[in-house]
Amino acid sequence: MLSPEQFAEIIALIQTTQDDGIKSEVRRAPRIPHPCHLSIALGTPSEPGATFVVDMIDISHRGISFLHAGELAVGTSFVVRLEASNANSVVIECRIVHFKTLTPPTVQFGAEFTNVIDRHEIALPEPRAEDLMTIRSHLVD
């Protein structure tokens, strides 16, 4: 889980939402909608695995929600780098805690943050144009 300071820093980097005045969030950690493309690397920094481009839906100080057109089991570990246009970034180890199938093959995953990692320990690829087109073709409107 991120510290309050780390979460505040990330939100300051990606803040793009507007307050609509509706306070319907009842979760332990309010979610901030932030659709964007992310590269994730399955496994851990010491045992890296396959990399994928996913579409993040939202973020909280406890974790992220994203869409992916593939199968990931509950408990699967992965690493994600969250970065801003000014080159500030944080690399976080995560774990899948739940998922639901939307329109096959698109699945919405919820993952919790488990560990903040030195960003130089792992290199995640930049999203490729062909990956982004594949993701867009699987998204639900």
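The numbers here are math on the coordinates, done by the rules we state, and not lab data. Quick caveat: nothing in here was measured; it's all calculated off a predicted structure. When we count neighbours, we look across all protein chains shown, and the Cβ atoms used for this are built from the backbone with ideal geometry, even at glycine.
One table, with the values for the structure above:
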| item | result |
| --- | --- |
| For PHE113, net neighbour charge (Lys/Arg +1, Asp/Glu -1) across residues whose Cβ lies under 11 Å away | 0 |
| Gained length - ASN88 relative to GLU5, 0.36 nm times residue gap less alpha-carbon distance | 28.4 nm |
